[in-house]
Amino acid sequence: MKGIFITFEGPDGAGKTTQIKMLGQALEKMDKIVIYTREPGGTSISEEIRSLLLNPCNKEMVDRTEALLYAAARAQHVEEIIRPAIRKGYIVLCDRFTDSTIAYQGFGRGIDIDFLRELNEMAVAGVFPDLTLIFDLAPDVGIGRINEKRVGQAGEGKDRIEQENMDFHAKVRCGFREVALSEPQRCKVIDAGRDKETIHSEVIQLVKEVLGL
Ligand code: Z5A
């Protein structure tokens with residue numbers, strides 16, 4: 001039996017991680033096997049690449065290096081975690097995937113979108129999400145949530161991408177909206193400015209449709 005692959009996308013602080021946990025718990029109560037993973041990351045090689053990408057000391061990283069590193073982390077993640085889990089019939093919940101590359105490196109950094117699409121295709125080698133939930137939120141609200149979350153987390157400052165200015169984050173939000181418009185079958189936009197439970201109800205509804213429940 002083929003599994004289901006669901007990706008969670010959106011600007012920083014949109015509440016993806018929160019909703020993945022809530023959805024995962026609900027699915028586990030239905031006796032589904034759930035794999036939780038994230039990008040960049042999910043494997044030891046990809047987590048090492050993540051450290052390079054998010055380390056605020058790496059200020060000299062050029063945009064092409066950044067794009068290629070996200071793709072390299074993705075290729076490893078797909079082969080080690082995502083493809084095998086789908087083959088086993090599991091439900092894979094992935095915090096960020098290819099659309100983040102289009103939104104951040106394409107719309108945010110200005111790298112050619114067609115080039116990034118080809119790069120994504122090479123990285124995923126045929127593994128595409130069945131459903132993508134795009135959490136839409138004004139960047140100042142998202143960054144505000146992250147700042148609040150950081151209070152009390154000793155030693156954790158903003159990462160390299162979070163340190164970008166509001167103009168960058170606004171472009172990223174537009175990027176996600178464009179992705180959603182270009183692939184309405186796969187991508188569902190969720191208003192992430194509402195309370196967690198209301199968002200969770202919408203998420204469950206959309207996921208049940210994909211699962212045929
Ligand atoms: N990136 C890229 O540029 N290109 C790529 O191809 C890929 C990624 C794959 C990964 O960072 C970074 O890499 C990311 C994009 C870039 N940018 N940055 N930085 P990450 O994985 O560390 O961070 P993230 O994915 O942006 O996650 P996040 O910032 O932690 O946000 P989140 O997961 O969407 O939100 P959350 O942790 O669930 O919630 C944040 C806070 O808000 C928390 O305190 C919650 O309790 C609270 N929250 C959640 N929902 C609500 C609601 N509904 N109301 C009020 N408060 C809420």
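The values are calculated or read from the model by the stated rules, or taken from the named source; none is laboratory data. Small disclaimer: the values here were computed from a predicted structure and weren't measured. With ideal geometry, Cβ positions are generated from the backbone for all residues, glycine too; neighbour counts draw on all protein chains shown. Surface accessibility is based on the protein's heavy atoms, side chains included, excluding ligands, DNA and RNA. Shrake-Rupley method; radii C 1.70, N 1.55, O 1.52, S 1.80 Å.
The table that follows gives values for the structure above.
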quantity: Across 29/88; 32/171; 149/208, pairs whose alpha-carbon gap is larger than 28 Å; calculated: 32/171; 149/208
quantity: Residue (of 138, 189, 90) at the positive-pole extreme of the stretch 4-211, dipole from beta-carbon charges; calculated: 90
quantity: Accessible surface, per residue, of the chain when the full set of protein chains is kept, probe 1.4 Å, Å²; calculated: 50 Å²
quantity: Per-selection Rg to Rh, the stretch 80-191 - Cα, Kirkwood hydrodynamic radius; calculated: 1.00
quantity: Gained length - residue 28 relative to residue 160, 0.36 nm times residue gap less alpha-carbon distance; calculated: 44.1 nm
quantity: Spatial extent of the stretch 82-146: Rg and Dmax, with the Cα atoms as the point set, Å; calculated: 14.3, 40
quantity: Projected-area average for the chain over all orientations - Cα convex hull basis, square nanometres; calculated: 11.5 nm²
quantity: Alpha-carbon centroids, the stretch 135-213 and the stretch 63-129: separation in whole Å; calculated: 18 Å
quantity: Whole-number percent relative contact order across the stretch 4-211, with pairs defined as alpha carbons under 8 Å at least 6 apart; calculated: 33 percent
quantity: Positive-end extreme of charge dipole, the stretch 4-211 - chosen from 198, 211, 33 (charges on Cβ); calculated: 33
quantity: Highest-MSF residue in the chain out of 153, 185, 76 [GNM, Cα springs under 10 Å]; calculated: 153
quantity: Apportionment of accessible area to carbon and sulfur, the stretch 4-211, percent (1.4 Å); calculated: 52 percent
quantity: Gain in span if fully extended, residue 170 to residue 51, counting 0.36 nm per residue against the direct Cα distance; calculated: 40.4 nm
quantity: Rough spin-label spacing in nm, given labels placed 7 Å along Cα→Cβ, for residue 112 and residue 183; calculated: 2.1 nm
